Amino acid sequence: MKRLIIVRHGKSSWEEKLPDDKRPLQDRGYRDAHLICDAYIKSQKKPAVIWSSHATRALETAKIFKEKLNIEDSNFFVKSSLYTFSRPDLNFQIETCSNEIDTLMVFGHNPAITGIVNNLGDEFFDNVPTTGLTIIDFETDTWNKLENGKTILHLFPKNLR
C-alpha cells in the first residue's frame, strides 16, 4: 500500500514586489499550518518522507510540519521540480518516488494540487485551499501505478477554525 499526503502551501503575502517563488507566508499562513498539522497529528502517523517545492511559501509550510512531526533532515527534500502548477508534472514527480517509501508527504502549488487530488482520489474538491491537506491511499506497491485511490481524509483550515 502507498499513502500520498498532499498539502497546498499556506496563505502567502503579496505585500512586497518579489518574484513568485520568493513570496513568504503571511501570518494566517503560519497559523493555518500549525492548525492543520496539529489536526493531522491527532489521527495520523507521521510520513516517512517530506518533499517540498523550493518556493518560499511552500518551504516555510513544509518546515512547520517537519518540526512538529519530528522528521529528520535525511527524510526532508526540497525539490525545485515541485514548483509546478501542472497536474501532469506533479504526477510525474510523485511517480519518481522510491518504492521503498510507503508514505510520502508533498508540499506544492495550485492548480496542480487540486488537480492531483481530484485525479488520483475518489472525492472531488472544487479547490484545495491554502494549507489544505488531503490523504489518498492506494492498493499498490509502486508509485508509478497510482490509480483508484481512496481519499481517506481532508483537512481544510476553514473547517477547523
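The values are calculated or read from the model by the stated rules, or taken from the named source; none is laboratory data. Computed from a prediction, not measured in an experiment: that's the story for all the values here. Methodologically, a virtual Cβ is constructed for each residue, glycine included, from the backbone with ideal geometry; neighbour enumeration extends over all protein chains shown.
Data for the structure
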quantity	calculated
Number of positions in region 77-88 that are more than 19 Å from Pro24 (Cα to Cα) and surrounded by 17 or more Cβ atoms within 10 Å (Cβ to Cβ)	1
Top-ranked residue of region 62-97 - restricted to ones that are among the β-branched types (Val, Ile, Thr) and touching a strand residue (DSSP E or B) at 6+ places or on another chain (Cβ under 6 Å), ranked as nearest to Asn144 (Cα to Cα)	Val78
Answer residue from region 105-122, given it is within 20 Å of Val78 (Cα to Cα) and in contact (Cβ under 8 Å) with a residue 40 or more places away in the chain and is surrounded by the fewest Cβ atoms within 10 Å (Cβ to Cβ) among those	Asn110
Hits in region 113-151 (condition: aliphatic (A, V, I, L, M) and under 15 Å from the mean Cα position of the chain (by Cα))	Ile113, Ile116, Val117, Leu120, Val128, Leu133, Ile135, Ile136
Hey, Lys42 in a helix (DSSP H, G or I), more than 16 Å from Thr130 (Cβ to Cβ), at pLDDT below 95 and of a type outside the set (Val, Ile, Thr) or not	yes
Candidate set: region 69-92, residues that are of a type in the set (S, T, N, Q) and under 13 Å from the mean Cα position of the chain (by Cα); chosen: the one farthest from Leu4 (Cα to Cα)	Thr84
Among (1) part of a helix (DSSP H, G or I); (2) surrounded by 19 or more Cβ atoms within 10 Å (Cβ to Cβ); (3) more than 14 Å from the chain's Cα centre (by Cα) - the single one Lys66 does not satisfy	(3)
Residue that is surrounded by the fewest Cβ atoms within 10 Å (Cβ to Cβ) [pool: residues in region 123-156 that are closer than 26 Å to Asp38 by Cβ and of a type in the set (D, E, K, R)]	Asp126
Per-region count, region 7-48, residues under 19 Å from Leu104 (Cα atoms), surrounded by fewer than 20 Cβ atoms within 10 Å (Cβ to Cβ) and in contact with a Leu (Cβ under 6 Å, 6 or more places away or on another chain)	2
In region 75-104, the residues that are of a type in the set (Phe, Trp, Tyr) and free of Cβ contacts under 8 Å to residues at least 60 places away in the same chain	Phe76, Phe77, Phe85, Phe92
Which listed residue is assigned to a helix (DSSP H, G or I), of a type in the set (A, V, I, L, M), surrounded by 17 or more Cβ atoms within 10 Å (Cβ to Cβ) and within 17 Å of the chain's Cα centre (by Cα), from Leu4, Leu59	Leu59
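A quick yes/no check of all residues on (1) of a type in the set (Ser, Thr, Tyr); (2) in contact with a helix residue (DSSP H, G or I) (Cβ under 8 Å, 6 or more places away or on another chain); (3) on the phi > 0 side of the Ramachandran plot:
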site	(1), (2), (3)
Phe65	no, yes, no
Thr84	yes, yes, no
Glu100	no, no, no
Thr103	yes, no, no
